[in-house]
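For reference, the structure is listed below as structure tokens.
Any read-out appearing in this document is the output of simple, stated calculations on the displayed coordinates, not a laboratory observation. These numbers come from a predicted model, not from an experiment. Neighbour counts run over all protein chains shown; Cβ positions are idealised from the backbone, glycine included.
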Amino acid sequence: MIPQTNPPIWGDKTAMVTTEQEHTAQVAPLHVMILTGEPSGDFHAAPLIRSLNALIPGVRITGIGGPAMAGQGAELFFPIERLSAMGVIQVLRQFSTIKQVFKIVQHRLNTDRPDAVVLIDYPGFNLKIAQYIKQHIDIPVCYYIAPKVWAWNAARIKKIKAFTDHVALILPFEAAIYKKKGIDATYVGNPLVDEYPTPPILPRAQSGAPTHGKPLIGLLPGSRTSEIKNLLPVMLDAALNISQQVEDVCFHVSSGIAVNDDLIRQMVTEHPVHHACKIIPGRPGHIFQDADLVIAASGTVTLEAALCEVPTLIIYKLSALAWALGRVLIKAKYAGLPNLIMDQEVMPELLQDNANSGLVSHTVLQMLEALPPYRFQLAKVRQQLGTPGAPERTAKIILNLIRKKSG
């Protein structure tokens, strides 16, 4: 659990300052550069920017991001739409773009020097930026939403120790890993707890009866084009199998970010089960409110489902080459974040060859017969994550780093 008290932001050097507001006024305006590389990073950057603005009104934010950061007033010098990639093959294909962006960030660091740099996920790129900063520019670096060193590429933790000043962790089991390596790190809580501070008031009966007497199943195929192409056909084929065995079942399909909406609509429209499907744009909150169960791509969305106490079947598939590489490199016991947090399978997982329509539909039918026990297990995930306030705690860490650097 997260401590309920926080140390003073400015340490002991506040003899001439009586309040935090008076002191922040002295150092404003500050300039913080935030670097993200994917929609999830952009999403988490937005509340962090709000928290920084609350601590120091007028703080200037620049960086790489997307619509969420822009919506909070950030000055973006490169859009994440041209950066997002997952897996070795996709990253190699984008090498020239990544190299170009690296030069852009270097130029900005030298011509429009920030007071601090915040790195959000996207480790392949961000750790190289952190190295450049530590070797050429004296600017504090905070890593928020750190690389998953416990899953794969554990060697990155040496770079994190060498090239960052503090790590704001969002998964509780990470704290022991970083402490063992002697890295300055703090478990700040998970930002999704702020988005879902309490489980939604659900129309489904707690006895396990389906919503409105008709089962409603959410289909969440992920946010990346490759995920959608790999997983949505499996989900739709499974949905067809389920619809042939469960009367009046309906499916809500998350279209996620707008860039994939046309692709998802086309795939759903051309599938025989389209008559039972409704496409839900944007964040999946509305699906969680209504669904009795969801089938979801492995990723952050599974933790959102856990916080809403929605029973979830996790599926994932990669190319044969990427899967073979993953078998060698990935060390995590589970694919799903809720399972990793609880160290047990509170959400069933079907991966690679097991992620087929027959096994998916069979597992879903079994889960529909026993929904309350799954909800009970998911309620424990929130207890492990602690209280809301991750963006605020991270903003205070960033300000403290700036204060220490300025003396």
Quiz item: Between rounded, prolate and oblate, where does the stretch 220-260 land on the alpha carbon gyration tensor, with a ≥ b ≥ c its root eigenvalues, rounded for a/c under 1.5, else prolate if a/b exceeds b/c?
Solution: oblate
Quiz item: So how much slack lies between residue 366 and residue 151, counting 0.36 nm per residue of separation and subtracting their Cα-Cα distance, in nm?
Solution: 74.4 nm
Exercise. State, to one decimal in nm, how far the label point of residue 376 lies from the label point of residue 184, with both points 7 Å from Cα in the Cβ direction.
Key: 4.6
Quiz item: Out of residues 5 or more away from residue 299 or on other chains, whose amide H comes under 5 Å of its own, with H placed 1.01 Å from N in the peptide plane?
Solution: 337
Quiz item: Once label points are set 7 Å from the Cα along Cα→Cβ at both residue 96 and residue 262, what is their separation, rounded to one decimal in nm?
Solution: 2.3
Quiz item: If you take the square roots of the eigenvalues of the alpha-carbon gyration tensor of the stretch 332-380 and sort them as a ≥ b ≥ c, do you get rounded (a/c under 1.5), prolate (a/b over b/c) or oblate?
Solution: oblate
Quiz item: If packing is taken as the mean number of other Cβ atoms within 10 Å per residue, what is the order of 291-298, 221-228, 146-153, highest first?
Solution: 291-298, 221-228, 146-153
Exercise. Can you pull the one-decimal nm distance between simple spin-label points at residue 289 and residue 225, each 7 Å off the Cα toward Cβ?
Key: 3.2
Quiz item: How about residue 180: which lysines have a C-alpha closer than 29 Å to its C-alpha, ignoring those fewer than 8 places off in the same chain?
Solution: 128, 134, 148, 158, 159, 161, 331, 333, 380, 396, 404, 405
Quiz item: Tell me, what ³J(HN,Hα) does each residue in the stretch 134-145 have, in order and in whole Hz, if you take phi through Karplus 6.51 cos²θ - 1.76 cosθ + 1.60 with θ = phi - 60° and put x for Gly and Pro?
Solution: 5, 8, 10, 9, 8, 10, x, 10, 10, 9, 10, 6
